[in-house]
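The values are calculated or read from the model by the stated rules, or taken from the named source; none is laboratory data. What you see is a predicted model; the values in this text were computed from it and never measured. Neighbour counts are summed over all protein chains in view; Cβ atoms, including those assigned to glycine, are modelled from backbone coordinates with ideal geometry.
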Amino acid sequence: MPLADFVKQPSIRDNMFKKMIDICIAWLGNCYCLLISHQMVSKFYSRSSTLYYNVV
């Protein structure tokens, strides 16, 4: 499946999953630096979580 079609999937609408996909896309393009933490709520768990990632 082409990446453009994959990111249009309904499950990608979850904030945390979308951010993880953004990170992967940035990694593929070698466009990331600086590790930070980001608070967000996942629709899968309905609770606050911390996602650590490189800024994209």
Checking Y52 against (1) among the aromatic types (F, W, Y); (2) part of a strand (DSSP E or B); (3) touching a helix residue (DSSP H, G or I) at 6+ places or on another chain (Cβ under 8 Å); (4) at pLDDT 80 or above, the condition it does not meet: (3)
Which numbered condition L34 fails, given (1) surrounded by 10 or more Cβ atoms within 10 Å (Cβ to Cβ); (2) modelled with pLDDT under 80: (1)
Odd one out for I21, checked against (1) in contact with a Phe, Trp or Tyr (Cβ under 6 Å, 6 or more places away or on another chain); (2) surrounded by 13 or more Cβ atoms within 10 Å (Cβ to Cβ): (1)
Qualifying positions in segment 1-22 - closer than 20 Å to V41 by Cβ and in a helix (DSSP H, G or I): P10, S11, I12, R13, N15, M16, F17, K18, K19, M20, I21, D22
Number of positions in segment 1-27 that are over 16 Å from Y53 (Cα atoms), out of contact with any Ser or Thr (no Cβ under 9 Å at 6 or more places or on another chain) and not polar (S, T, N, Q): 11
